[in-house]
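One structure is given here, and the rest of the page talks about it.
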Protein chains: 2
Amino acid sequence: MLNRKFAAGMALVVGLCAAASLAAAQTPDVEEKFITAKEEQTAKRLIEKGLKDDTAWTLLESLTTEIGPRLAGSEAEARARDWGVQTLKRLGFKNVRIETFELAYWNRISERAEIVSPFPQKLVITALGHSPSTPDGGVVGEVVRFETLDALETSGADLSGKIIFVDEAMTRTQDGSGYGAAVQKRSRAAIVAAEKGAIAALIRSVGTDSHRNPHTGGSVRGGAALAPAPIAALSNPDADQLARALRLAKGPVRVRLDIQTEFKKSAISGNVIGEIPGKSDELIVVGGHLDSWDLGTGAIDDGAGVAITVAAAKLVGDLKGKPARTIRVVMWGAEETGLWGARAYAKAHKEELARHVLAAESDFGAARIWKFQTRFGDGALAKAKIFQRLLHPLGVGAGNNQAFGGPDVSPLRAAGVPVVDLYQDGSDYFDLHHTPDDTLDKVNPDAVQQNVAAWAATIYLASQMDGGFRDEAD
Amino acid sequence: MLNRKFAAGMALVVGLCAAASLAAAQTPDVEEKFITAKEEQTAKRLIEKGLKDDTAWTLLESLTTEIGPRLAGSEAEARARDWGVQTLKRLGFKNVRIETFELAYWNRISERAEIVSPFPQKLVITALGHSPSTPDGGVVGEVVRFETLDALETSGADLSGKIIFVDEAMTRTQDGSGYGAAVQKRSRAAIVAAEKGAIAALIRSVGTDSHRNPHTGGSVRGGAALAPAPIAALSNPDADQLARALRLAKGPVRVRLDIQTEFKKSAISGNVIGEIPGKSDELIVVGGHLDSWDLGTGAIDDGAGVAITVAAAKLVGDLKGKPARTIRVVMWGAEETGLWGARAYAKAHKEELARHVLAAESDFGAARIWKFQTRFGDGALAKAKIFQRLLHPLGVGAGNNQAFGGPDVSPLRAAGVPVVDLYQDGSDYFDLHHTPDDTLDKVNPDAVQQNVAAWAATIYLASQMDGGFRDEAD
C-alpha cells in the first residue's frame, strides 16, 4: 500500500519539476540564443567523430618520419612546407599557399664538453639557440656554480676567465608554469656571463627529465650591448654530476667547452596556409607551428599541434554546406628561434585583423586537454559557457578568461583578437620539449583523438556562434 | 565477573602453548645446528646496521663522480684501480693489492648515422663493443629489415652491399630474463651480416627504455672465420623511426653509417683485492666489477655492486674478533669486454679454489633484493634455509638452487665453488644498463642500504656456518 506521506511528497516534487521545466521553456538559458539546437547536435557529432578519427595520427607520423627535425630556416623546414601544402590540398583545403618571410638563421655545427681536471670525463651538453661559437678547440676555464640566476646576477665575484654554471632546477607542474621561472636563466645567463667577464656559460637544462638528453632552446636574441658568451645546457644528470664534482673536488674544477655554431643574416621560412571558405569572410584562425628544434623530430613540439588542428578543421570542412565563417589553418614557420612566422603573419594580415573573430594555436604537446580558457570581451563571456558545457564530457574543465592563445597568435592577441586555450596536460611535457626525446613514440593516439574532438567542436562553434567574442555587441 | 567458558578456554590455550614451547626446546629446528644463537643475533644486528649505513652510497658517489666511465683497459679504469686500493686500505681491509692481467682492448672513436634518402635525417646510434671500423667516411647502403635474428639467419635474400637491420625488441621482466633472448642479436648479427655479404649491421638496442640513448655492449669477440661487419645499435626510438621510414617509403631507404673504432692487441687491466682475515684460510669471495661501459658513469653497472659488497664486508670486518673464514672482496676488472678479470682471477687462484667456500657477485643494479638463491650441494640445502629465514624480513623471498652467482664468479662456479644470488629487482635495469643514462641519479639510497644489509648478513653467515656448502659433509 502506498504510503500517504510519500505519495504527497512525490506529487510536490513532480509539481516543482513541471514548474522548473515551464520556467526553462519560458526563459531559455542565456547561452542558447547564440547557437541553434541543430548546431549543438552537430558539435556533439563532431566530438564523436573526432574520438574515432585517425587523420591527426597519420599526419603526425608522416611529418615526424618523412621530414623529421625541422629547424627554422633550414632545408628540412622547406621540405616540411612542401609537405604542408601537399597535405592541405589532399585534405580538401582551399587557397593553399606558402607566405614566405625572412629570418636570421642559427644552426649548431658541433658541441663538446668535458671535465678536464680533477676528474676527467665527458659531459653531455647542447649549444643553446643563438649561441656564438667558442674559439676553435674550445675554451678551458674554472667552473663557478650559482644556485640560481639571481645569485649570478647579484654576484660580486670576479668571473674573468671563468665558466659560469647556473644550476637552477625546474619544477614539474600540470600547467607548465615551472617553465616561465626556469627559462629565465636560458635567456639571461649568456649576457650576464659576458657582462661579468666569464668566457662561457653552462646552465642546467630547462626541463624536468632525468636522462642524458639536454634541452636546447633560444638564448639571447641579439640586441644586447655586449656579445653574449657561448652558452650550452647540460643534461640534468650532467648538471648533477658537475655539481657533485664541485662538491667533492679539493680544488678548482676545470671544464673544456667547444661549441661551433653558424649564423646567417638572412634565410627563408614561411607560413603554410589553407582555408575552408565560409559564408562570410570573418576568420577563425587555428594551427600549430611547423618548425621544430633540431634534436628531436618535433612530435610534441609541435607536429602534434599541426596534426590536431588540421584534422579537426578537416572534420568541420567535411560537414555539409559552408561554415558560417571562414576557417583558416596556419602552419606557422620559425616559431622556435623567435616567433618569426607569428610576426610575419600579423604583418601580412594586418589589414584583415578586424575580421579575425578568434585565434588559437595548439602548442603544448599531445596529452589530453583538461581545461578550456578564453580571452573574450566581458560582454561575450556568456558564450564561453557554451564551449565549456560542450567540451565537459571530454574531461575538460572550465578555466579563466586569461587565455594565452599560443605563441604564434600572441601578436593577434596583442592586437585585440579574442583567443582560447585548449589546455593540454603538461605534466610530462618538459621531459621531452626541445630534447632528442621529442619523438613519435611519446605520443598517445587516444589523447590525440581527444584533442581532435575538442578542437573540432571548438572550431565549429566559433564559426557558427552569433556575434563575435570581442564583446556582446560584436 | 569472569566468564567461565572463556576462562576454561584460555587455560586450554595456555596449556597448548606451553606444550608447543616444550616441543621446540626438545627438538630444535634442524637448521639451528649450523649457527649459534649468538651468531644469529649478530646477523640480525648486521641487518639493522646495514639499513642505516651510508658507506655504500658514499663509495658509489665517489667512484661515479671522481672516476666516471671506466672502460676496460683504459686509463680511466687504471684510475679506478687506484681508487679501489685507496678505498680498501682506508676502510681497514688487509692484503690490499692489484692483480694485473692483459686484455685485448677496444674503444670507440666516433659514430654517426643518418638516413640519406628518401627522408634525410640523423639517427642516434652507438657502436657495439668489438665492432670494426667502416671505411673512412662510412658506408652507404640500402637497409633490409628483419623482425628477428632468426629471420636474418634463415633469410635467403641477397644481402650483398646492404645494411641489415635486426629490429627484435626486448621484453621487460623483473628477473631480467628478457635479456638472454634479446642479446643474441648483439652477439650474432655482425657475423651473420658478414656471412651474407652485408656491408654493415644495425640492431635495435638491447634494452627496454624509450629514450634516444642507445645501449652498447659486446658484439662478436673474435675467433670467427670471417671478419664481422661493422655493427651499431640504434636507440629504441631510432629503431622505431627506421622501421617507420621503411614502411612509409615508396622505394629503398638508404642509410650512411660511419663508425671509427680502435683495437689494441694488449692492454693492462687488473682485479683489486682486499681481505678481512679470518680464523681459517677458507675463503668467502664477494665483489662487483670495477670497469663499466663508456657511455654512462657505471652507477648501476656495476659501481653499485662494488660499493654494496665493500660496505657489507666492512660491516662484518668491524665486528669484534676475526670471522671464522677469511672474507675476500674483489673489484673485478674488464668484465664488460669479455670477463677478462674473472678468467684472470680463476687462473691466478687455481690452487686455492678448494678453499673457496662461497662466491657471489653483485652485478644487477642497485634496486632492492627480492630473492635469495643458492647453488649448494644437495646435502647443504638445509643451510640455504638459514639465509632465507634471516633475509626474509628484508622482503627477500626464497628462490631455487640454480643460482648463477654473477658473471665474474662463473669460472669459480664452473670449478664447483658454491654460489649465491642476492637477486635485485631488474624491472628497470635494462632501461639504464650500458646506456649514457647509467648515472648516480638513477640509484635509490634506501635500496642500496637494503642491499648492504642483506649482503652483510649473507657474508657473515657464510663465514660462520659450520661446514661448507658443497655438501653436508664438507
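Within region A:109-138, can you find the residues that are more than 25 Å from A:Ala227 (Cβ to Cβ), touching a Pro at 6+ places or on another chain (Cβ under 8 Å) and crowded, with 20+ Cβ neighbours inside 10 Å?
A:Gln121, A:Val124
Please verify whether A:Pro132 is outside the structural domain of A:His433 (by TED's automatic domain parsing) and part of a loop (DSSP other than H, G, I, E, B), treating the condition exactly as stated.
Yes, satisfied.
Restricting attention to region B:44-103, which residues are closer than 19 Å to B:Arg368 by Cα and exposed (fewer than 15 other Cβ atoms within 10 Å of the Cβ)?
Across region B:44-103, the qualifying residues are B:Lys44, B:Glu48, B:Lys52, B:Asp54, B:Thr58.
Looking at B:Gly395, B:Gly399, B:Gly416 in this structure, which one is of a type in the set (Gly, Ala, Ser) and within 18 Å of the chain's Cα centre (by Cα)?
B:Gly399
Can you name the residue in region B:422-436 that is in a strand (DSSP E or B) and either more than 11 Å from the chain's Cα centre (by Cα) or buried (at least 24 other Cβ atoms within 10 Å of the Cβ) (or both) and is also farthest from the other protein chains (Cβ to nearest Cβ) among such residues?
Taking the candidates together, the pick is B:Leu422.
Criterion first (among the charged types (D, E, K, R) and more than 25 Å from A:Leu295 (Cβ to Cβ)) does A:Glu335 satisfy it?
In short, no.
So which of B:Asp209, B:Asp238 ends up being under 21 Å from B:Glu147 (Cβ atoms), more than 22 Å from the chain's Cα centre (by Cα) and within 14 Å of chain A (Cβ to nearest Cβ)?
That would be B:Asp238, the only listed residue that is under 21 Å from B:Glu147 (Cβ atoms), more than 22 Å from the chain's Cα centre (by Cα) and within 14 Å of chain A (Cβ to nearest Cβ).
For region A:376-421, name all the residues that are in a helix (DSSP H, G or I) and of a type in the set (A, V, I, L, M, F, W, C).
Listed by number, the residues that qualify are A:Ala380, A:Leu381, A:Ala382, A:Ala384, A:Ile386, A:Phe387, A:Leu390, A:Leu391, A:Leu394, A:Val409, A:Leu412, A:Ala414.
Of the residues in region B:437-448, how many are within 12 Å of chain A (Cβ to nearest Cβ) and in a helix (DSSP H, G or I)?
3
Here are some conditions: (1) outside any loop (DSSP other than H, G, I, E, B); (2) under 25 Å from A:Gly426 (Cβ atoms); (3) of a type in the set (A, V, I, L, M). A:Met170 meets all but one. Which one does it not meet?
Checking A:Met170 against (1) outside any loop (DSSP other than H, G, I, E, B); (2) under 25 Å from A:Gly426 (Cβ atoms); (3) of a type in the set (A, V, I, L, M), the one that fails is (1).
Is there a residue being of a type in the set (A, V, I, L, M) and within 14 Å of chain A (Cβ to nearest Cβ) anywhere in region B:151-166?
Scanning region B:151-166, I find no residue that is of a type in the set (A, V, I, L, M) and within 14 Å of chain A (Cβ to nearest Cβ), so the answer is no.
Sort out which residues of region B:444-455 are within 16 Å of B:His392 (Cα to Cα) and within 18 Å of the chain's Cα centre (by Cα), and write them in order of number.
B:Ala447, B:Gln449, B:Gln450, B:Asn451, B:Val452, B:Ala454, B:Trp455
Restricting to region A:353-383, name every residue that is without any contact (Cβ under 8 Å) to a residue 12 or more places away in the chain and buried (at least 16 other Cβ atoms within 10 Å of the Cβ).
Answer for region A:353-383, where residues must be without any contact (Cβ under 8 Å) to a residue 12 or more places away in the chain and buried (at least 16 other Cβ atoms within 10 Å of the Cβ): there is none.
Take the conditions touching a strand residue (DSSP E or B) at 6+ places or on another chain (Cβ under 8 Å), in a strand (DSSP E or B) and in the same structural domain as A:Asn271 (by TED's automatic domain parsing) and apply them to A:Phe372. Does it pass?
yes
Under 8 Å between Cβ atoms, which residue pairs at least 6 apart in sequence (or on different chains) link something in region B:417-436 that is within 18 Å of B:Gly397 (Cβ to Cβ) with a partner that is part of a loop (DSSP other than H, G, I, E, B) and of a type in the set (S, T, N, Q)?
Final answer for the pair search is B:Leu422/B:Ser362; B:Gln424/B:Ser362; B:Asp425/B:Gln174; B:Gly426/B:Thr173; B:Gly426/B:Gln174; B:Ser427/B:Thr173; B:Ser427/B:Gln174.
Pick from A:Asp301, A:Asp294: which is at pLDDT 95 or above, more than 14 Å from chain B (Cβ to nearest Cβ) and within 18 Å of A:Gly365 (Cα to Cα)?
A:Asp301
Name the residue that is surrounded by the most Cβ atoms within 10 Å (Cβ to Cβ), counting only residues in region B:241-274 that are part of a strand (DSSP E or B) and of a type in the set (Gly, Ala, Ser).
This residue is B:Ser269.
Does B:Gly395 satisfy being at positive phi and away from chain A (no Cβ under 14 Å)?
It is true that B:Gly395 is at positive phi and away from chain A (no Cβ under 14 Å).
Among the residues of region B:50-82, which ones are at the interface with chain A (Cβ under 9 Å from one of its Cβ atoms) and not hydrophobic (A, V, I, L, M, F, W, C)?
If the condition is that a residue be at the interface with chain A (Cβ under 9 Å from one of its Cβ atoms) and not hydrophobic (A, V, I, L, M, F, W, C), then B:Glu61, B:Ser62, B:Thr64, B:Thr65, B:Glu66, B:Gly68, B:Pro69, B:Glu75, B:Arg79 are the ones that fit.
So which of A:Ala334, A:Ala311 ends up being in a helix (DSSP H, G or I), assigned by TED's automatic domain parsing to the domain that holds A:Ala72 and surrounded by 24 or more Cβ atoms within 10 Å (Cβ to Cβ)?
The conditions single out A:Ala311.
Out of curiosity, is A:Gly178 out of contact with any His (no Cβ under 8 Å at 6 or more places or on another chain), not in a loop (DSSP other than H, G, I, E, B) and not assigned by TED's automatic domain parsing to the domain that holds A:Asp425?
Yes: the conditions hold for A:Gly178.
Within region B:371-385, work out how many residues are touching a Pro at 6+ places or on another chain (Cβ under 8 Å) and under 9 Å from B:Ala403 (Cβ atoms).
Selection size over region B:371-385: 3.
Can you say whether A:Asn451 is within 14 Å of chain B (Cβ to nearest Cβ) and touching a residue at least 12 places away in the same chain (Cβ under 8 Å), as far as the supplied structure shows?
Criteria not met by A:Asn451.
Going by the structure shown, is B:Val285 farther than 29 Å from B:Ala127 by Cα, buried (at least 19 other Cβ atoms within 10 Å of the Cβ) and not assigned by TED's automatic domain parsing to the domain that holds B:Met170?
Yes: the conditions hold for B:Val285.
Return a yes/no flag: does region A:344-352 have any residue that is touching a residue at least 12 places away in the same chain (Cβ under 8 Å), assigned to a helix (DSSP H, G or I), of a type in the set (Phe, Trp, Tyr) and more than 30 Å from A:Gly138 (Cα to Cα).
There is at least one residue in region A:344-352 that is touching a residue at least 12 places away in the same chain (Cβ under 8 Å), assigned to a helix (DSSP H, G or I), of a type in the set (Phe, Trp, Tyr) and more than 30 Å from A:Gly138 (Cα to Cα).
Could you say whether any residue in region B:125-135 is among the aliphatic types (A, V, I, L, M), within 14 Å of another protein chain (Cβ to nearest Cβ) and farther than 11 Å from B:Thr261 by Cβ?
yes
Name the pairs whose Cβ atoms lie under 9 Å apart, with the first residue in region B:149-173 and at positive phi, the second surrounded by fewer than 14 Cβ atoms within 10 Å (Cβ to Cβ), and 6 or more positions between them or separate chains?
Cβ pairs passing all conditions: B:Gly161/B:Gly197.
The values are calculated or read from the model by the stated rules, or taken from the named source; none is laboratory data. Because the structure is predicted, anything quoted here is derived from the model rather than measured. Neighbour counts are summed over all protein chains in view; Cβ atoms, including those assigned to glycine, are modelled from backbone coordinates with ideal geometry.
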